[in-house]
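Derivation of every value follows stated rules applied to the coordinates shown; laboratory data play no part. Model, not experiment: these values are computed from the prediction. Glycine also receives a Cβ, built like all others from the backbone with ideal geometry; neighbour counts cover every protein chain displayed.
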Amino acid sequence: MGRSRRRAAAVGAIVVATTAAALIAPAEAGTRSTRSELSATVEQAGTLVTASARLRSSHPGRRMTLRIVERNHGRVVATRTKTVKASSRSWRRLRVSLRTQHAGSRVQLTARATRVSARRLVRLPPAAPAPPAPPPVTDPITTPVTSVACEAIDYTDPAQGVETFADEFDGSTLAATRWRVRDNTFLNHDKAWITKDAVSVHDGHLAITGRRLPQDQWRNNPNALYGTENMVRDYSTGYIDTIGRFSQRYGNFEVRAWVPSADTMSRGIWPAFWLRADHQPGEIDPMESYGAPTIRSFDPSSSYEWNSWADTAQGSTNEPVKLKTQGRANVGSDKIWQGWHTYGVNWSPTCLRYTYDGRTVATVLFDDPKTLPYFRGPTFADTFHLRLNMQVGSKYWGWADPAHTRPEFDFKIDWVRVHQGRDLLR
């Protein structure tokens with residue numbers, strides 16, 4: 001690998017409130033990456049910085065990254081990153097945007113290519129001047145929100161909300177007017193192949209079935225995120241969403257489900273109920289459950305996590321600014337894999353309230369200083385659609401295998417219900 005020639009090129013533009021000169025950083029012989037940067041100062045908070053670049057590598061598999069960083073008084077206050085792994089020699093366009101949080105910040109645009117021939121450079125032309133975008137419009141709040149006030153917002157209460165979406169799965173097929181079923185595809189973080197045959201409706205519920213495949217049905221994913229670790233797809237699974245069918249901003253989103261992540265023989269089983277932004281890189285995860293035994297020092301099979309991401313493309317919760325709020329739900333003595341439970345999130349203009357069997361397990365206040373920069377940003381100004389899926393295997397919790405994972409398992413959903421606040425209906 002180290003002796004092969006790799007080539008990379010990039011052309012792009014950064015649109016900010018001022019101009020900047022191009023900076024081309026030559027790679028020295030023997031280095032494994034080339035980098036180019038632009039920087040400029042923005043005069044006011046709320047300036048929208050947008051960067052785009054066309055990237056190409058002569059050697060598929062190389063990673064190209066476009067990154068915007070906002071620094072204020074030398075401290076990183078916000079960052080946005082887009083990375084592409086070249087699957088061919090074709091040009092790929094990347095686009096990344098950041099809305100600045102402070103006046104007088106220094107904004108840096110960096111393009112980086114890994115394992116590139118030292119003869120090739122990543123180039124960025126001068127920035128083009130453009131009028132700054134106005135700060136984002138946020139919902140008016142007259143008084144500070146507290147967790148007590150958030151607890152009082154319940155859109156499932158007929159006095160507060162109305163039902164806007166529901167599926168009781170009483171028939172024998174999935175309604176195409178409500179759901180989109182994915183087929184013959186895959187995700188990057190697990191080792192399963194997604195097929196429509198893994199999704200079924202029977203006995204009053206939806207079932208997403210995971211199976212270990214016979215060896216002659218294994219598939220290879222040459223672009224797997226973890227290389228040989230999850231390149232071979234030896235399990236099948238299912239995935240449904242409401243893209244193009246249903247989405248809304250705010251509301252109460254609930255499912256009654258039976259997760260298959262038992263305390264034994266379920267390593268890598270990873271069912272989830274989540275919401276994804278229609279036009280932004282963010283998500284809300286009312287429930288993600290992990291099977292056991294894991295490769296970690298504790299057994300999470302009787303618990304689950306909730307998450308709020310402002311930018312899932314961030315790549316890591318170890319970034320300088322972590323655009324994620326997460327926690328583990330306290331389910332008491334319940335073994336959630338032994339029966340039906342209801343998982344939900346009540347999303348109002350002031351907060352997120354995560355629920356388990358109708359009980360609040362977490363509250364996220366949008367105007368908390370720790371989370372205000374992204375909960376009042378563009379991600380949560382978007383509409384969100386629904387997703388139900390079950391991945392198989394993960395690098396963090398452990399890959400599924402015959403010794404630790406049973407050959408077949410079902411993620412069962414009894415119903416899905418969504419409500420909207422009466423005062424939010426237009």
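Quick notes
- Between Arg422 and Thr146, the simple spin-label model (points 7 angstrom out along Cα→Cβ) gives 2.6 nm.
- Stretching Thr177 away from Ser333 to a fully extended chain increases their span by 52.3 nm, per 0.36 nm per residue minus the current alpha-carbon distance.
- Our estimate of slack between Ala103 and Phe298, defined as 0.36 nm per intervening residue step minus the Cα-Cα distance, is 65.7 nm.
- Where labels lie 7 Å past Cα in the beta-carbon direction, separation of Thr185 and Asp278 in nm: 1.8
- Subset of Lys191/Lys324; Lys82/Lys370; Lys191/Lys412; Lys196/Lys335 violating a 27 Å alpha-carbon distance limit: Lys196/Lys335
- Prolate/oblate/rounded call for the stretch 197-339, Cα gyration tensor, a/c under 1.5 rounded: rounded
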